[in-house]
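No value in this document is a laboratory result; all are computed from the given coordinates. This is a predicted model, so every value here is computed, not measured. FYI the Cβ positions are ideal-geometry reconstructions off the backbone, even for glycines, and counts take in every protein chain you see.
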Amino acid sequence: GADESVLNCYMRPWVWRGLGIQIQDGMQVKVSGTLNIYKPKGRASFVAESLELVGEGSLKKAYELLRAKLEAEGLFARKRPLPEFIRSIGLVTSRTGAAIGDFRKNLAPLGFRVQLCDARVEGLRAVEDVSSAVKWLSTNRTDLDVIVVIRGGGGLEDLQAFNNERVAREIFASTIPTICGIGHERDISIASMVADREASTPSMAAMLVNDSWN
């Protein structure tokens, strides 16, 4: 409309760096934080503590920007082979989600050891949870043969955490080979592109593990 009012917004640099999303003018975003009033002049400003993209258009644009950036850096080109005879698996997913059941029931009865790292896979906490879990397993469980990151299917909005730069870079930085089984309606997730092997679902991720024994 004709309303040209402006609210000055500020985000602390470390919060901004931790977002892991590419932002451009024109994108719709949802921010939460605190309102500050400068009493002498009655001036209002907003300190943003979190930021989410809203709407298919904004999510799609951010996805394309990040994909182009990481592709140019070569993050999609490196594909390490999975070990033969995988025995121990680091699993990053939600303890309460459907994905964990799909993965476990499709594992062949070969005595696999599964170390679960419980992580939220949706919402604002998911980026922190998934990236921290991958980093913890890679750093502290060097006995693992593979790290498997899974979640059930969804659209761009549901899968925001897996189209995030922080998560993608943590998967790439893993010293242990990685499999991503992220269910997707249309676009393969950025996390899956960075992983050493991509599976279309959690069940297919289990099949990839089984294949190491064939």
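Might you report the magnitude of the Cβ-based charge dipole of the range 154-214 about its Cα centre, with Lys and Arg at +1 and Asp and Glu at -1, to the nearest 20 debye? Don't jump to the answer; show the numbers that get you there.
Working: 4 positive and 9 negative charges, 30 e Å.
Computed charge dipole of the range 154-214: roughly 140 debye.
Under a 5 Å amide H to amide H cut-off, with H placed in plane at 1.01 Å, what residues pair with Leu91 once short-range neighbours are removed?
Distant-sequence amide H within range of Leu91: Gln115, Leu116, Cys117, Val148.
Kirkwood Rh over alpha-carbon pairs of the range 60-124, then Stokes-Einstein at 10 °C and 1.306 mPa s: what D in µm² s⁻¹, rounded to an integer? All intermediate terms of the calculation are to be shown ahead of the outcome.
Values: Rh = 15.0 Å.
D, rounded to a whole number, is 106 µm²/s.
What ranking do 68-80, 157-169, 121-133 get when scored by the average of other Cβ atoms within 10 Å per residue, highest first? Intermediate results must be reported in sequence, preceding the final value.
On the way: 68-80: 12.2, 157-169: 23.2, 121-133: 19.2.
Sorting 68-80, 157-169, 121-133 by mean packing, highest first, produces 157-169, 121-133, 68-80.
Using 7 Å Cα-to-Cβ label points, what is the Trp136/Leu65 separation (nm, one decimal)?
The modelled label-to-label distance comes out at 3.1 nm.
At a Förster distance of 41 Å, what's the computed FRET efficiency of Gln24 paired with Ala44, Cβ-Cβ distance as r, to 0.05? Working shown, then result.
Details: r = 25 Å, r/R0 = 0.62.
The computed FRET efficiency comes out at 0.95.
I'd like the distance between the alpha-carbon centres of the range 91-132 and the range 173-209, rounded to an integer number of Å.
Centre-to-centre (Cα) distance: 12 Å.
Given contacts defined as C-alpha pairs under 8 Å and at least six residues apart, what's the relative contact order of the chain, whole-number percent?
Relative contact order for the chain comes out at 21 percent.
For Gly181, what residues show an amide H to amide H distance below 5 Å, using hydrogens built from the backbone and excluding near sequence neighbours?
Residues meeting the criterion, in which the H sits 1.01 Å from N, are Val149, Ile150, Arg151, Ala199.
For Met193, what charge total do you get from the other residues with a beta carbon under 13 Å from its beta carbon, if Lys and Arg give +1 and Asp and Glu give -1? Don't skip to the answer; put the middle values down first.
Details: positive: Arg67, Lys69, Arg78, Lys79, Arg169, Arg197; negative: Glu64, Glu71, Glu73, Glu165, Asp187, Asp196, Glu198.
Surrounding charge for Met193 is -1.
Around Cys180, with a cut-off of 11 angstrom between Cβ atoms, what is the net charge of the other residues, counting Lys and Arg +1 and Asp and Glu -1? Display every interim value, and only then the final one.
Numbers: positive: Arg151, Arg197; negative: Asp196, Glu198.
After counting each charged neighbour, the total is 0.
With +1 on each Lys and Arg Cβ and -1 on each Asp and Glu Cβ, and nothing else charged, work out how big the dipole of the chain is about its Cα centre, in Debye to the nearest 20. Each step should come with its number before you reach the end.
Values: 27 positive and 26 negative charges, 119 e Å.
So the magnitude is around 580 debye.
What ranking do 27-35, 90-98 get when scored by the average of other Cβ atoms within 10 Å per residue, highest first?
On the way: 27-35: 12.4, 90-98: 19.9.
Those peptides, ordered most packed to least, come out 90-98, 27-35.
Straight distance only, please: which lysines reach the Cα of Lys30 with their own Cα at less than 22 Å, same-chain residues fewer than 8 apart left out?
Excluding near neighbours in sequence, the set is Lys60, Lys61.
With a length cut of 18 Å (Cα positions projected on each helix's long axis) and a Kyte-Doolittle mean of at least 0.0, go through the chain and give me the DSSP H helices that pass. Don't skip to the end; give the middle numbers.
Details: long enough: 56-72 (24 Å, -0.51); 126-140 (20 Å, 0.11).
Flagged H segments are 126-140.
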